[in-house]
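Visitor: Shown below is the structure under consideration.
The values are calculated or read from the model by the stated rules, or taken from the named source; none is laboratory data. This one's a predicted model, so the numbers in the text were calculated from it and none came from an experiment. In this analysis, Cβ positions are derived from the backbone assuming ideal geometry, glycine residues included, and neighbour counts consider all displayed protein chains. Keep in mind that these areas ignore ligands, DNA and RNA; they rest on the heavy atoms of the full protein, side chains included. Shrake-Rupley method; radii C 1.70, N 1.55, O 1.52, S 1.80 Å.
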Amino acid sequence: MPNDAAALLSDLVAVMACAGDSARGLPLALERLGHAFGAERVMLTFAEAEVGPLVWSAPGTEAGPELASCVRSVESGGTVVATLAATRRAAFDDATTTVLEQVAQLLAIAVNRDAYLHDLERELTARVRELAEQRAFIECIVDSLPLGLYVIDRHYRIHAWNHKRETGLQGVARADAVGRSIFEVLHRQPAALLKKEFDEVFASGRLQQFQMESNAFGDTRTFRISKIPMRMGSGEVTHVITIGEDITDWRAALDRTAQAEKLAALGQLAAGVMHEINNPLATIAACAESIGLQAELGTAAPPTELLHIIDLEVQRCKKIVNGLLDFSRPRAADRETFDVNTVVQQGLFLLQHHPRFKRVKVVTELEANGLLLVDGDPDQIVQVLIALAMNALDASPEQGRVIIRTRRDEVEGDARAVLEVEDEGPGISRALQSKVFEPFFTTKPPGQGTGLGLAICYGIVADHGGMLELVSPEGQGANFRVSLPLGARTMTAARAALATLATVNASESGAARA
């Protein structure tokens, strides 16, 4: 019997191994066990209610005399996971019962493995479902954004394309975009320019932002385009996320608020302007009185000199008034290349009519080595300068100094034009420095400030691709620093100057060697 038992166990192991899984192996094992025992029926009942029993019955089994049965528990780790029962016409002796016990132990391994695989399958299914739900949730977030968004890899292939990119007259369906080259999908845009923008982000790893106008929707709309580097891991940039945001309404609101701030500043300048105009008006009145006296005395010579003085004073008044009117009028944001030093001179012409201008010394330290050419709207930069300078004049003590400084600098490898307005006032405490650019925040007494000036300045500078920063050591005055990217003409001129300098140095070096 031991040899027969060993052969049976070996046969069952082979059957389970060849079957590949318990769903196929257990029925075959029950069949072999039934034949070996000469059983009428063999049944394996699982402890888990959701799993039905496995039953093998001998062919041609019919109801007859009462059958003998033998039942053994299939245990795993001290827990009954199933019950093995066999029935036959002959009685079960001790040897057969022992073999059935050994078979139950062998089946315990298979049943336990089956239970483990079922648990693993359930866990895996739940994890896959969770990941699918998370992905669907993230896609829903991206599709709900009121922004156009797409993602490309280093081969310029599209990996993501949100719902906003599918809408509108020029929308492209996601199925028609994902997997294709961005140059094929955005075929209306210059491929060379588009490639250059992506390559800059891939190479530098820095965010790129710019604005563009489009007439594709009938009226002119302004969009802010952001190209964001993305890394899959800690290495190089693997993807670029492009976001397009319609900022037309925001720009219009900013322009309206900026215009209101300009009018508020104009009101502060009005008193000084009236005083400034009184002087030429007094001169004109004196000249007119002299002409009247000459007429009464019968002087024959025409009053040419007096008329010339009157003309000069009238032109002076006209220039003062025209300067204020130009500053107060709302204008379209025309982009052009301008010199920052010229903007400073225009701002100082308006500031000289401020009542405090006469009681504070205004010092200018302007860049002397070439022009600081910037691309943008010069009127908006004049507005920024006046707002910063008026704050400095208000903060400075009597006979104090306000320094307006321009210079060329480099920020993160990019050439910049820097405009600084520095005062000798009490400065701004460290606790308040993080709030000065927030809308409606002001350190002035009630009724003397709206709290919008610096917030608008910050928006204007950011709109020009620049930065507005505050440097204010405790009790040592405030220095507001505007940093703007130099325009293409400045860079070209700088490169030409460097090339000329290199040529001169080379010539001098050659002459020295000769």
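Visitor: Hey, what do the phi angles of region 199-215 turn into as Karplus ³J(HN,Hα) couplings, whole Hz, using 6.51/-1.76/1.60 and θ = phi - 60°, x for Gly and Pro?
Guide: 4, 5, 5, 4, 6, 8, x, 10, 5, 10, 9, 7, 10, 9, 10, 9, 10
Visitor: Pick out, from Gln189, Val178, Thr167, the residue whose Cα sits farthest towards the positive end of the charge dipole of region 112-236, with +1 on the Cβ of Lys and Arg and -1 on the Cβ of Asp and Glu.
Guide: Looking along the dipole axis, the top candidate is Gln189.
Visitor: Ignoring everything but the protein chains, give the 1.4 Å probe accessible area of Glu474 in square angstrom, nearest 10.
Guide: Glu474 has an accessible surface of roughly 120 Å² with all protein chains in place.
Visitor: Keeping all protein chains in place and using 1.4 angstrom, which order do Tyr458, Tyr156, Tyr116, Tyr150 fall into by accessible surface area, from largest down?
Guide: Highest to lowest solvent-accessible surface, that is Tyr116, Tyr458, Tyr156, Tyr150.
Visitor: Could you check the spin-label model distance between His159 and Ala431? Points 7 Å from the Cα along Cα→Cβ, value in nm.
Guide: It is 4.7 nm.
Visitor: Could you give the length gained on full extension between Glu336 and Val142, defined as 0.36 nm per residue of separation minus the Cα-Cα distance, in nm?
Guide: My answer for the length gained is 66.2 nm.
Visitor: Related question: Percent of accessible area on region 9-157 owned by carbon and sulfur, 1.4 Å probe?
Guide: 57
Visitor: Could I have the simple spin-label model distance between Ala288 and Ala23, label points 7 Å from Cα toward Cβ, reported in nm to one decimal?
Guide: Placing both labels 7 Å along Cα→Cβ, they lie 10.8 nm apart.
Visitor: What FRET efficiency do you get for Leu207 and Val314 if R0 is 56 Å and r is their Cβ-Cβ distance, rounded to the nearest 0.05?
Guide: Result of the calculation: an efficiency of 0.55.
Visitor: Applying 1/(1 + (r/R0)^6) with R0 = 41 Å to the Cβ-Cβ distance of Glu75 and Met232, what FRET efficiency is obtained, to the nearest 0.05?
Guide: That pair, Glu75 with Met232, gives E of 0.25.
Visitor: Accessible area of Cys18, 1.4 Å probe, to the nearest 10 Å²?
Guide: The accessible area of Cys18 comes to roughly 110 Å².
Visitor: With an 8 Å Cα cut-off and a minimum separation of 6 or more residues, compute the relative contact order for region 150-239 in percent.
Guide: Once divided by the residue count of region 150-239, the mean separation gives 22 percent.
Visitor: Right, next: Could you give me the ³J(HN,Hα) list for region 162-168, computed from phi with Karplus coefficients 6.51, -1.76, 1.60 and θ = phi - 60°, whole Hz, x at Gly and Pro?
Guide: 7, 4, 4, 6, 8, 8, x
Visitor: Let me ask another. Exceeding 30 Å between C-alpha atoms, which entries from my cross-link table qualify? They are Lys164/Lys196; Lys196/Lys435; Lys227/Lys435.
Guide: Correct reply: Lys196/Lys435.
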